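Data block below; observations after.
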Amino acid sequence: MKSNPVPYMEDARRFYRVTVHLPVAVRQHDSQVFLTESLDISEGGVLIKNNLGDRVNSGDVVKVHIEGILGEDESKMILHAMRIVRIDDEKIALEFV
């Protein structure tokens, strides 16, 4: 019996995404902090609203705090190192590094 190969899906996601709207603080390397909101989150990264304008670029590594996402020590603010992978007028996609 001849089997048909599974078609390749170009938009297949590596991680399951959850729609969640949480406050997000983005800190650049020069210590400027911008406040925004998450749109979705996965094990690989987070999608946020773009209210940072042209103050960031694809490839930039920033520190991100997502309100309500805590680390092992819940008494401290956790900053996640993230790389900006995509920017458009409305959204910024970041991946954990």
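The values are calculated or read from the model by the stated rules, or taken from the named source; none is laboratory data. Because the structure is predicted, anything quoted here is derived from the model rather than measured. Heads up, the Cβs are rebuilt from the backbone with ideal geometry, glycines too, and the neighbour counts pull from every protein chain shown.
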Out of the residues in the range 46-59 that are surrounded by 12 or more Cβ atoms within 10 Å (Cβ to Cβ) and at pLDDT 95 or above, state the one that is farthest from His21 (Cα to Cα).
Asn50
Hey, among the residues in the range 16-45 that are assigned to a loop (DSSP other than H, G, I, E, B) and closer than 15 Å to Arg86 by Cβ, which one's modelled with the lowest pLDDT?
Arg17
Subset of the range 65-86 (residues that are surrounded by 14 or more Cβ atoms within 10 Å (Cβ to Cβ) and either part of a loop (DSSP other than H, G, I, E, B) or modelled with pLDDT under 95 (or both)):
His65, Ile66, Ile69, Ile78, Leu79, His80
Please identify the pairs in which a residue from the range 18-32 that is among the basic types (Lys, Arg) has its Cβ atom under 9 Å from the Cβ atom of a residue that is surrounded by 14 or more Cβ atoms within 10 Å (Cβ to Cβ), counting only partners at least 6 apart or on another chain.
Arg27/Phe34; Arg27/Val62; Arg27/Lys63; Arg27/Val64; Arg27/His65; Arg27/Leu79
